[in-house]
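Have a look at the structure below before the remarks.
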Amino acid sequence: MSDHEYIPKSNFGKWFNDRLPLLTLANHLTDYPTPKNLNYWWTFGGILTFCLITQIVTGLVLAMHYIAHADMAFDSVEHIMRDVNYGWLIRYIHANGASMFFLAVYIHIFRSLFYGSYKAPREIIWIIGIIIYLLMMAAAFMGYVLPWGQMSFWGATVITNLFSAIPLVGEGIVTWLWGGYSVDNPTLTRFFTLHYLIPFLILGLVVLHIWALHVPGNNNPIGIDVKKPSKDTVPFHPYIVIKDAFALLMFMIVFAFFVFYTPNILGHADNYIEANPLVTPAHIVPEWYLLPFYAILRSVPDKLMGVIAMLSAIFILAALPWLDTSKIRSAVFRPLYRQFYWILVADVLILGYVGAMPAEGLYLLIARVATAYYFLHFLVILPILGFKERTLPVPLSITEPILGGSSNLAAARDDSRLEKLK
Amino acid sequence: MKKFLNLFFYIIFSISFLPSAFAAEKVEYLTTDWSFKGLFGKFDRAALQRGYHVYTEVCSSCHSMKYLSYRNLAQEGGPEFTEAEAKAIAASFEVTDGPNSDGEMFTRPAKLSDKFVMPYENVKAAQAANGGAYPPDMSVLVKARGGGVDYIYSLLQGYEDPPAGITLDDGVYYNKYMYGNKIKMANQLSDGLIEYSDGTKATVEQMSKDVTTFLMWAAEPHLESRHKMGFKAIVYLIILTILVYFSMKRIWSRIETKV
């Protein structure tokens, strides 16, 4: 991986490193040449790692006190909130941590979309990322079921019932998933098991994600290939480490604000009512981070087609490196794509909004238009855009933008945008 | 840096818009100057003690509070009755214990470690006694309702005669803040219903405020330490962020690119 051979200084170091090259790995990670023009949107990779570790650590502590049983789960959560030392803190960090995790992952994904980080030679990094995102959704959904409140129960009922849309075997699959004929204790215990398992799968995939990243190296705001190491790069430590640390601290301030001052604002009040199979809540809504997909699901009148649309909305992302036909990575040099990008951002936000609203009247109409546009963006606009768009000239390096006199060169430079803002 | 602040505010903005997405049907609730809101929000001890008084005299005949124990009444950050007072309160309730060495169940006065005594044996009994409606457990009630404290506070004062055209069945009452406006709980509060030991005038508004404060504490017993710790944590993080920012500037000044 490293361009030069690393030789430890001490004899013991040499002896150890010959047998297990951990020191070479550590050296690679510190020296790893990183483009020096990475902006703050690139700090979310580190932030996401922090989120994952936070969820695993707080989750371990919660699992020591939580009881995965339909009759005791709700009580055990209240026990954590009241009688476990700092249990309220651990639980609020874990619950809000899920939201923070998704907030960060959405920024991370949309950064990729803007700067074309999914394009060759980074397709594998991108696809691993999509799998991580899928697993995150599964983990978050099952985690939301564990407190066994009303939204837990009915959310689980709605989502698992989606599988009944599969022709012929659907009903059988749902019964198999539930471990019975309705969402009940067997469902809760298996969800707990899987909720405990998935984060470690994610952790493994994160290692692969970073490994795959370290082969071609980071993309960067101007989306060009940089020579490594060169004047265009800085060693990961201390330059990127300190910048990531600064961004992480800013993120933690927002995180802390939620945990300490509005810990329940992102959850649904109904989840503080113990699960009751006989009473259906007025509106069953998933957590905010799943709302865009929920809106897509509900915008299709047919159940099976709705499920297919919802899953396609996620899986279409995996095909993105091939749907986007443009050779230019960064939207900085793609004036048309840049506009469609922001329309897509607005489209997803609108889907999220209507996902929280009842599926009727105007909301349903908006959801349908937004769903159609979502697919239009990926299936029609992106492939055509690559051929039709007149892109701006791209500089050859970060430090020495050649192609003299081109006005877009200024835009490529980190600091020049600052000047414009002043 | 400016760019980063933009990003920061963008995030805050986009988050602050989220909760509004959940407020599908908005009702203007009554509100009051809750002492426990804000960065340094604390419970008003006297209000908590009065609130417990209202709960135990009025609500507790139908509503349980199964997650609270009598010891909580003496706990820091709560009503902070003295231990002797809390013991006396507990002792005024009878609980069933056992079986004893003869295999018999017996009753004894409650101790600090006992949970609040429940008004009914089980949910079915509660429903039978209340025309089919189960009076919800009040331990986390404030967090289990969309409007939170304002909702409970409004509901208690929201009883009025039904508007023309609405007919109510027997045992159903009109409340302008209730979801669907129909509620199976009759108006419970009236001016001077109870007598506060601290001489506060027991108006409907006062009792609503006190008992809602008490319910807020019941749902969030660690609210005060949460606020205290939160302030310290955020100040700590801000100082650390500033220090790291200057270190970053220093480190990046070795190369010409700005951060």
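The values are calculated or read from the model by the stated rules, or taken from the named source; none is laboratory data. Note that this is a predicted model, so its numbers are computed, not measured. Ideal geometry is used to build each Cβ from the backbone, glycine not excepted, and the neighbour counts take in all protein chains shown. Accessible surface areas use protein heavy atoms only, side chains included; no ligands, DNA or RNA. Shrake-Rupley method; radii C 1.70, N 1.55, O 1.52, S 1.80 Å.
Criterion applied to A:Phe74, A:Phe12 was being at negative phi, open to solvent by 10 Å² or more (accessible area, probe 1.4 Å) and more than 14 Å from chain B (Cβ to nearest Cβ), and the one residue passing it is A:Phe12. None of A:Ile296, A:Ile273 is touching a residue at least 60 places away in the same chain (Cβ under 8 Å), away from chain B (no Cβ under 14 Å), among the β-branched types (Val, Ile, Thr) and crowded, with 20+ Cβ neighbours inside 10 Å except A:Ile296. Within region B:210-238, the only residue that satisfies the criterion of being acidic (Asp, Glu) and not in a helix (DSSP H, G or I) is B:Glu220. Report whether or not B:Gln75 is within 14 Å of chain A (Cβ to nearest Cβ) and on the phi < 0 side of the Ramachandran plot. The answer is yes for B:Gln75. Would you check which residues across region B:25-62 are open to solvent by 20 Å² or more (accessible area, probe 1.4 Å) and in contact with an Asp or Glu (Cβ under 7 Å, 6 or more places away or on another chain) and list them? Selection gives B:Tyr29, B:Leu30, B:Thr31, B:Ser35, B:Lys42, B:Arg45, B:Ala46, B:Arg50. When you scan region A:262-280, do you find a residue that is β-branched (Val, Ile, Thr), out of contact with any helix residue (DSSP H, G or I) (no Cβ under 8 Å at 6 or more places or on another chain) and within 22 Å of A:Tyr106 (Cα to Cα), even just one? Looking through region A:262-280, at least one residue is β-branched (Val, Ile, Thr), out of contact with any helix residue (DSSP H, G or I) (no Cβ under 8 Å at 6 or more places or on another chain) and within 22 Å of A:Tyr106 (Cα to Cα).
Among the residues of region B:152-180, those that are over 21 Å from B:Ala126 (Cα atoms) and either surrounded by fewer than 17 Cβ atoms within 10 Å (Cβ to Cβ) or facing chain A (nearest Cβ under 9 Å) (or both) comprise B:Glu160, B:Asp161, B:Pro162, B:Pro163, B:Ala164, B:Gly165, B:Ile166, B:Thr167, B:Leu168, B:Lys176, B:Tyr179, B:Gly180.
When region A:31-69 is filtered for residues that are β-branched (Val, Ile, Thr), crowded, with 21+ Cβ neighbours inside 10 Å and more than 14 Å from chain B (Cβ to nearest Cβ), nothing remains.
Number of residues in region A:347-362 that are farther than 28 Å from A:Asp324 by Cα and surrounded by 19 or more Cβ atoms within 10 Å (Cβ to Cβ): the value is 2. Among the residues of region A:300-346, those identified as farther than 24 Å from A:Trp42 by Cβ and open to solvent by less than 10 Å² (accessible area, probe 1.4 Å) are A:Gly306, A:Ala313.
When you check B:Met185 against the structure, is it more than 18 Å from B:Trp34 (Cβ to Cβ), open to solvent by 30 Å² or more (accessible area, probe 1.4 Å), at the interface with chain A (Cβ under 9 Å from one of its Cβ atoms) and not acidic (Asp, Glu), yes or no? So B:Met185 fails the test. May I ask you to list the residues in region A:245-267 that are more than 7 Å from chain B (Cβ to nearest Cβ), assigned to a loop (DSSP other than H, G, I, E, B) and open to solvent by 30 Å² or more (accessible area, probe 1.4 Å)? Passing the criteria: A:Thr262, A:Gly267.
Checking region A:276-283 against the condition returns no match, with no residue being more than 7 Å from chain B (Cβ to nearest Cβ), crowded, with 21+ Cβ neighbours inside 10 Å and either of a type in the set (A, V, I, L, M, F, W, C) or assigned to a loop (DSSP other than H, G, I, E, B) (or both).
Meeting the requirement of 3 or more residues that are among the β-branched types (Val, Ile, Thr) and in contact (Cβ under 8 Å) with a residue 24 or more places away in the chain, the helices (runs of 4 or more DSSP H) wholly within region A:1-87 are A:44-65. So, in region B:192-246, exactly how many residues are open to solvent by 30 Å² or more (accessible area, probe 1.4 Å) and acidic (Asp, Glu)? Residues in region B:192-246 being open to solvent by 30 Å² or more (accessible area, probe 1.4 Å) and acidic (Asp, Glu): 3 in total. Within region B:6-19, the set of residues being at pLDDT below 60, open to solvent by 60 Å² or more (accessible area, probe 1.4 Å) and facing chain A (nearest Cβ under 9 Å) comprises B:Ile12, B:Phe17.
Any residue in region A:114-134 that is outside any helix (DSSP H, G or I), in contact (Cβ under 8 Å) with a residue 12 or more places away in the chain and surrounded by fewer than 16 Cβ atoms within 10 Å (Cβ to Cβ)?
yes
If you go through region A:100-111 one residue at a time, do you hit one that is of a type in the set (Phe, Trp, Tyr), open to solvent by 20 Å² or more (accessible area, probe 1.4 Å) and more than 16 Å from the chain's Cα centre (by Cα)? No, the conditions are met nowhere in region A:100-111. Here is a list of conditions, (1) within 14 Å of another protein chain (Cβ to nearest Cβ); (2) in a loop (DSSP other than H, G, I, E, B); (3) in contact (Cβ under 8 Å) with a residue 24 or more places away in the chain, and A:Ser326 meets all of them except one; can you say which number that is? Answer for A:Ser326: the failing condition is (1).
Consider region A:220-244 and keep the residues that are open to solvent by 40 Å² or more (accessible area, probe 1.4 Å) and hydrophobic (A, V, I, L, M, F, W, C). The one that is nearest to the other protein chains (Cβ to nearest Cβ) is A:Val241. Pairs linking a residue in region A:346-370 that is more than 16 Å from A:Gly306 (Cα to Cα) and modelled with pLDDT under 95 to a residue that is β-branched (Val, Ile, Thr) and assigned to a loop (DSSP other than H, G, I, E, B), with Cβ atoms under 6 Å and 6 or more positions apart or on different chains, are A:Ala356/A:Val285.
Only one of the listed residues (B:Thr200, B:Thr241, B:Thr167) is without any contact (Cβ under 8 Å) to a residue 24 or more places away in the chain, polar (S, T, N, Q) and part of a loop (DSSP other than H, G, I, E, B). That residue is B:Thr167.
Against the condition in contact (Cβ under 8 Å) with a residue 40 or more places away in the chain, β-branched (Val, Ile, Thr) and either within 11 Å of chain B (Cβ to nearest Cβ) or open to solvent by 30 Å² or more (accessible area, probe 1.4 Å) (or both), how does A:Ile90 come out, does it pass? When the stated conditions are applied, A:Ile90 does not pass them.
Screening region B:113-148 for residues that are of a type outside the set (Asp, Glu), in contact (Cβ under 8 Å) with a residue 60 or more places away in the chain and in contact with a Lys or Arg (Cβ under 7 Å, 6 or more places away or on another chain) and picking the one that is nearest to the other protein chains (Cβ to nearest Cβ) gives B:Ser139.
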